[in-house]
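Working notes, structure below.
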Amino acid sequence: EDRFGEAVTLRTLGDIMRLTGRVADAERCYQQAFQASRDHGASWERGMTLNSYAELARLLGRYAHAAEMLDEDIGLQRLRGNRNHLSMALHNQGHTALRLGEPDRARTLFSESLALYASMDNRRGVCLCLAGLAGVAARHGRAELAAQLLAAVSVHLQPLGAHLMGPADQAEYDWHLAAAKEALGAAAFAAAWDAGRSLTFEQAVALGEAG
């Protein structure tokens, strides 16, 4: 019996259902994928399922559950030395930390993820981490910096293609954006947004790292 193949298939189906809004079906697939990967003993596939299921939990507002799964996933990826998957899991855990009221921990997670993505020349990943750091800035009362970083992200993601944010990441981006707008007011937000849009990619990264 090919339990590994079953785990991969179920997790992939779960991803498709999550991305098309069929969240109940996605959750069932992830739960079954967990069991199949456990039966097979495949740590690689278990990590993939942990990350995907955590994305669903984030989307549904189950941040504590997402954090538990991501802690396990991060541990697995550190052992395996998988930088690409580790950078993704650290980024996702940064958002759960923000939602759970831990902005300083979130900053540490986003910063480590950003460094990993930058070492692999992954601009999309760096931009996603900058959006997370914007959320940290907003939670620390630095709404102008948040707005600038979010504007820079919108500019530098665009040339990379469409659909570069999953539903959970888009929800976080929108949350940070709303917080910055509310804190600044229309005129100050517009000025900060224009300033952010003028930043080069390198300037935006430096601003996020220094923030």
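The values are calculated or read from the model by the stated rules, or taken from the named source; none is laboratory data. Computed from a predicted structure; not experimentally measured. Cβ coordinates were reconstructed from backbone atoms using ideal geometry, including for glycine residues, and neighbour counts include every protein chain displayed. Remember, those area values only see protein heavy atoms, side chains included, never the ligands or the DNA or RNA. Shrake-Rupley method; radii C 1.70, N 1.55, O 1.52, S 1.80 Å.
I want to confirm something. Restricting to the stretch 1-20 and keeping residues that are among the small types (Gly, Ala, Ser) and more than 22 Å from ALA171 (Cα to Cα), which single residue is most open to solvent (accessible area, probe 1.4 Å)? Only one residue fits best here, namely GLY5.
Evaluate the following for LEU100: is it in contact (Cβ under 8 Å) with a residue 12 or more places away in the chain and surrounded by 24 or more Cβ atoms within 10 Å (Cβ to Cβ)?
Working: in contact (Cβ under 8 Å) with a residue 12 or more places away in the chain: yes; surrounded by 24 or more Cβ atoms within 10 Å (Cβ to Cβ): no.
Against the criterion (in contact (Cβ under 8 Å) with a residue 12 or more places away in the chain and surrounded by 24 or more Cβ atoms within 10 Å (Cβ to Cβ)), LEU100 does not qualify.
Among residues of the stretch 161-177 being touching a residue at least 40 places away in the same chain (Cβ under 8 Å) and part of a helix (DSSP H, G or I), the one that is most open to solvent (accessible area, probe 1.4 Å) is TRP175.
Inspect all residues belonging to the stretch 51-69 and state whether any of them is more than 26 Å from ALA118 (Cβ to Cβ) and open to solvent by less than 10 Å² (accessible area, probe 1.4 Å).
Within the stretch 51-69, the first condition is being more than 26 Å from ALA118 (Cβ to Cβ), and the residues that meet it are 53, 56-57, 59-65, 68.
After this cut, where a residue has to be open to solvent by less than 10 Å² (accessible area, probe 1.4 Å) as well, the list is 56-57.
Yes; the residues of the stretch 51-69 include at least one that is more than 26 Å from ALA118 (Cβ to Cβ) and open to solvent by less than 10 Å² (accessible area, probe 1.4 Å).
Take the residues in the stretch 112-159 that are polar (S, T, N, Q) and not in a loop (DSSP other than H, G, I, E, B), then tell me which one is surrounded by the most Cβ atoms within 10 Å (Cβ to Cβ). Walk me through how you get there before you give the answer.
From the stretch 112-159, those polar (S, T, N, Q) are 113, 119, 122, 148, 154, 158; that's our starting set.
Then keep just the ones that are not in a loop (DSSP other than H, G, I, E, B); that gives 113, 119, 148, 154, 158.
On the way: SER113: 25, SER119: 10, GLN148: 29, SER154: 16, GLN158: 11.
Selected residue: GLN148.
Close Cβ contacts (under 9 Å, 6 or more residues apart or on different chains) running from residues in the stretch 133-146 that are closer than 16 Å to ARG99 by Cβ to residues that are part of a helix (DSSP H, G or I) and among the aromatic types (Phe, Trp, Tyr) comprise LEU133/PHE110; ALA134/TYR173; GLY135/PHE110; GLY135/TYR173; GLY135/TRP175; VAL136/PHE110; ALA138/TRP175. Taking the stretch 178-190 as the search range and keeping residues that are free of Cβ contacts under 8 Å to residues at least 12 places away in the same chain and within 16 Å of SER154 (Cβ to Cβ), which one is surrounded by the most Cβ atoms within 10 Å (Cβ to Cβ)? In this case the residue turns out to be ALA190. Remark: pairs (first residue in the stretch 1-22, modelled with pLDDT under 90; second residue open to solvent by 90 Å² or more (accessible area, probe 1.4 Å) and in a loop (DSSP other than H, G, I, E, B); Cβ separation under 6 Å; 6+ apart in sequence or on different chains) are absent.
Residue-by-condition table, conditions (1) within 21 Å of ASN84 (Cα to Cα); (2) within 18 Å of the chain's Cα centre (by Cα); (3) in a helix (DSSP H, G or I):
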| residue | (1), (2), (3) |
| --- | --- |
| ALA26 | no, no, yes |
| GLN32 | no, no, yes |
| ALA36 | no, no, yes |
| ASP39 | no, no, yes |
| GLU45 | yes, no, yes |
| TYR53 | yes, yes, yes |
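Selection within the stretch 21-40: residues that are open to solvent by less than 50 Å² (accessible area, probe 1.4 Å) and among the charged types (D, E, K, R). The member of this set that is nearest to PHE4 (Cα to Cα) is GLU27.
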